[in-house]
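Read-outs throughout are calculated quantities, based only on the coordinates presented, and are distinct from any laboratory measurement. Owing to the predicted nature of the structure, the values given are computational and were not obtained by experimental measurement. Cβ placement follows ideal geometry from the backbone for every residue including glycine, while neighbour counts extend to all protein chains displayed.
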Amino acid sequence: MSLLQTQDLDVRHGLLRAVRNVSFEVQAGDIVAFVGANGAGKSTLFRALVGAHLPTSGRVLLHGADVTGIPAHRRTRMGIALVPEGRRLFADLTVRENLALARAAGRKGPWEIDAVLEVFPNLAARIGHKAKVLSGGEQQATAIGRALMTNPDILLLDEVSLGLSPAAVDRVYESIRRLVAGNVTILLVEQDLDRALSVATRVVCMLEGRIVASGRAGELTRAEIIDAYFGSRERPVGSHDHSVGSRDRSVDSRDGSGESGDRPVNGATAG
Amino acid sequence: MSAINALLQGVLLGGYYALIACGLAFMYQVMRIINLAHGSLVVIASFAFWLLAGRWGINPFIALLAIVPAMTLIGWALERGILERSLHHGQLVPLLATFGLAVVIDNLLFLQFGADPRSLANFIGSLSYDSWELADELYVGKLAVLIFVVALVLLGGLSLFLARTPLGRAIRATSEDPDVVGLVGIDAHRINAFAAAIALGTVGVAGLFLPMRGTVTPYSGFGVLLFAFEAVEIGGPGSLWRVLAGGIVLGVAQSFGALVHPQGFLIAGHSVFLVILIARVALSRSVLGQVGARLLRWN
């Protein structure tokens, strides 16, 4: 059984159809990078997955159970957590309070404040400070820690490197690698393709609300991903062809071959 | 001596204003709702105290044990029945909804009790007029001191509750970002209902002292709302203690206004409110004001 699955998911922002007939599956242990240009629908898709934005049609299944109509706070307790774009910390609460809040309201499990501080040791000295006085990197660490405190089975990270210095991004990704080693399933939205591919086991490319390419990170070529990213080879033919986990590889292209002749991309070769 | 007396009476009066403003400020800070029915709800509680004391001879302070829980239930129902629904339709709808509620409450009270003023003075013995003499020609009323102490305890208790308890943290988080609390497993609607219940609990306490200080009629709600609103606005956003500060500024202004002219009581209070409001708007547009506001937020 898939950990997370969407079936023909459609999400609207008013008149705009931000996510169109998206179907994919995520298995336990996957690290899935969602890549695509701004406005591709990645963040909206993530919000729909956690229940912060209700879809207009389609289904979201968590552990095989239909959670489509379930609100965000209940879905969080079922084991899915989002680190939203822009971090969205509770600025007037301290780091400890931000973490404790999630611990009290979320699911019970192994994640405690001490465990978060092991992953993000730089937070230890800032634990009593209000979130609004932290640096961008510290805020991002707190946001990820807050999500972890709900003890999720799946962690969704939306643009975790946005607005951070390169050194801060390095620290955040180092922490993500530690989480990966700890068997947390992660879905990642990232503009920085190389960063995303350095940790991802699978890649999903989105364009104008659709999945236009998907596959294992080591098998999709960089050219295929970039083509899908910018839409130069994009020709959506139906979302069922883009299941992550159910199929290893799928690229919509005008010649239909899905091959570009470029070298495969994985964490070691991307860049 | 008269200036010291005016200052002292003004400070004590500020405690009363803080008490009646506490629920209004709490609801605004958490739910961003200006509850225009606040004054009328205080009056409901006052009539409930008067009924229990007048008809069944229950001591008003004992009646607190029944009326405060009853008001919290009303707060919960108010949030679930009216406020939650109206919040989905922008900021104007809750204003209109609570204004309509105030009109309905006032007229229902009038229908039931008529226009006669009611007071609890007869049920609290000498507390309504007794005072302590601090110095020659300097007196403080026992009731005024009691109200000030109750306001301190209430505001202090609420501040501690918000700072130290999981529910308090959840309320603060919800007031900051109601959309994001769901992502950490918190039901914002439930938290808002708790907040409304707590706010109405404080309304119950305010309703005890309103008819002790003077009289109350079915249409007293507007006056209560006006002074509560002024105290909240003068104090400004942020900590609940600012409500006390706002109440004291308002009370002292009124007290000194009365010293200057017998009819200066109300004018002085309203004038200070207006001046502070204009100054705040002007300062918020200036660099100095923005720096000051930033410093104040970093507390």
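Quick one: 3J(HN,Hα) in Hz for segment B:227-232, Karplus 6.51/-1.76/1.60 with θ = phi - 60°, rounded, Gly and Pro as x.
Listing the rounded values in order: 5, 5, 4, 5, 4, 5 Hz.
By counting other Cβ atoms within 10 Å of each Cβ, how are A:Val169, A:Val180 ranked from fewest to most? Before the final figure, lay out the partial values.
Details: A:Val169 20, A:Val180 16.
Placing the least packed residue first, the sequence is A:Val180, A:Val169.
Where nothing but the Cβ of Lys and Arg (+1) and of Asp and Glu (-1) is charged, how large is the charge dipole of segment B:2-297 around its Cα centre, in debye to the nearest 20?
Details: 16 positive and 14 negative charges, 115 e Å.
With Lys and Arg at +1 and Asp and Glu at -1, about 560 debye.
Once you put a point 7 Å from the Cα of B:Leu65 and another 7 Å from the Cα of B:Asp177, both along the Cβ direction, what distance in nm separates them?
According to this spin-label approximation, the distance is 4.5 nm.
Long-range amide H contacts for B:Ile58: which residues qualify at under 5 Å (H placed 1.01 Å from N, peptide plane, sequence gap of 5 or more or a different chain)?
Under 5 Å from the amide H of B:Ile58: B:Ala53.
Compactness ratio of segment A:4-251: Cα Rg over 2.2 N^0.38 Å, N = residue count?
0.97
Quick check on the protein assembly as shown: helices-only [θ] at 222 nm, where DSSP H runs of length 4 and up contribute -39,500 (n - 2.57) each and the sum goes over total residues. Nearest 500, please.
Values: 20 runs with 300 residues, N = 570.
Helix contribution divided over all residues of the protein assembly as shown: -17000 deg cm²/dmol.
Give the whole-number value, in cubic angstrom per residue, of the convex hull volume spanned by the C-alpha atoms of segment B:69-154. Working shown, then result.
Details: hull volume 16.1 nm³, N = 86.
With only Cα atoms used, segment B:69-154 gives 187 Å³ per residue.
Which number do you get for Rg(Cα) / (2.2 N^0.38 Å) in segment A:128-169? Before the final figure, lay out the partial values.
On the way: Rg = 11.1 Å, N = 42, 2.2 N^0.38 = 9.1 Å.
So segment A:128-169 has a normalised radius of gyration of 1.22.
Quick one: work out the % antiparallel among DSSP beta bridges in segment A:4-251, nearest 5.
Details: 24 of 42 bridges.
So the antiparallel bridges amount to about 55 percent of the total.
Based on other C-beta atoms within 10 Å, arrange B:Tyr219, B:Tyr16, B:Tyr28, B:Tyr129 from fewest to most. Walk me through the intermediate numbers first.
On the way: B:Tyr219 15, B:Tyr16 23, B:Tyr28 19, B:Tyr129 11.
With the fewest neighbours first, B:Tyr219, B:Tyr16, B:Tyr28, B:Tyr129 line up as B:Tyr129, B:Tyr219, B:Tyr28, B:Tyr16.
Which of the lysines could a cross-linker bridge to A:Lys130, judged by Cα under 27 Å and excluding same-chain residues fewer than eight apart?
A:Lys108
Can you give the FRET efficiency for A:Asn183 and B:Leu73, using 1/(1 + (r/R0)^6), R0 = 51 Å, r = Cβ-Cβ distance, to the nearest 0.05? Could you put the intermediate results ahead of the total?
Working: r = 47 Å, r/R0 = 0.92.
After rounding, the FRET efficiency stands at 0.60.
So which aspartates and glutamates can B:Lys142 reach, going by Cα to Cα under 17 Å and dropping same-chain residues fewer than 8 places off?
B:Asp130, B:Glu133
Please report Rg (one decimal) and Dmax (integer) in Å for the Cα set of chain B.
Just the Cα atoms of chain B yield Rg and Dmax of 19.4, 62 Å.
What order do you get for A:His13, A:His63 when you list them from fewest to most C-beta neighbours inside 10 Å? If you can, show how the numbers build up before the last one.
On the way: A:His13 11, A:His63 16.
Neighbour counts put them in this order, fewest first: A:His13, A:His63.
Using modelled amide H (1.01 Å from N, peptide plane; none on Pro or chain starts), what sits under 5 Å from the amide H of A:Ala217, excluding residues fewer than 5 places away?
A:Arg202, A:Val203
With labels modelled as points extended 7 Å from the Cα through the Cβ direction, what inter-label distance (nm, one decimal) is found for B:Asp116 paired with A:Leu54?
Inter-label distance under the simple model: 5.2 nm.
Using the Karplus equation 6.51 cos²θ - 1.76 cosθ + 1.60 (θ = phi - 60°), what ³J(HN,Hα) coupling, rounded to whole Hz, does each residue of segment B:242-253 give in order, writing x for Gly and Pro?
5, 5, 5, 4, x, x, 5, 4, 4, x, 5, 4
Taking the alpha carbon gyration tensor of the protein assembly as shown, what are the square roots of 5 times its eigenvalues, largest first, to the nearest whole Å? Intermediate results must be reported in sequence, preceding the final value.
Details: eigenvalues 670, 115, 80 Å².
Rounded to whole Å, the semi-axes are 58, 24, 20.
Starting from the amide H of A:Val212, placed 1.01 Å from N in the peptide plane, find each other amide H under 5 Å away whose residue is 5 or more places distant or on another chain.
Under 5 Å from the amide H of A:Val212: A:Cys205, A:Met206, A:Leu207.
So what's the net charge close to A:Lys42: Lys and Arg +1, Asp and Glu -1, counting the other residues with Cβ under 11 Å from its Cβ? Walk me through the numbers before you get to the answer.
Values: positive: A:Arg47; negative: A:Glu85, A:Asp158, A:Glu159, A:Glu190.
Residues close to A:Lys42 contribute a combined charge of -3.
Explain nothing, just compute: Karplus ³J(HN,Hα) = 6.51 cos²θ - 1.76 cosθ + 1.60, θ = phi - 60°, for every residue of segment A:17-24 in order, whole Hz, x for Gly and Pro.
8, 6, 10, 10, 6, 8, 10, 7
Would you mind listing how long segment A:1-147 runs along its three principal axes, going by Cα atoms, in whole Å with the largest first?
46, 32, 24
Taking each residue in A:79-92, count the Cβ atoms of any other chain within 10 Å of its Cβ, then average. What number comes out? Please list the in-between numbers first.
Values: counts 0, 1, 3, 4, 1, 4, 0, 0, 1, 5, 4, 11, 3, 7.
The mean count of partner-chain Cβ atoms within 10 Å per residue comes to 3.
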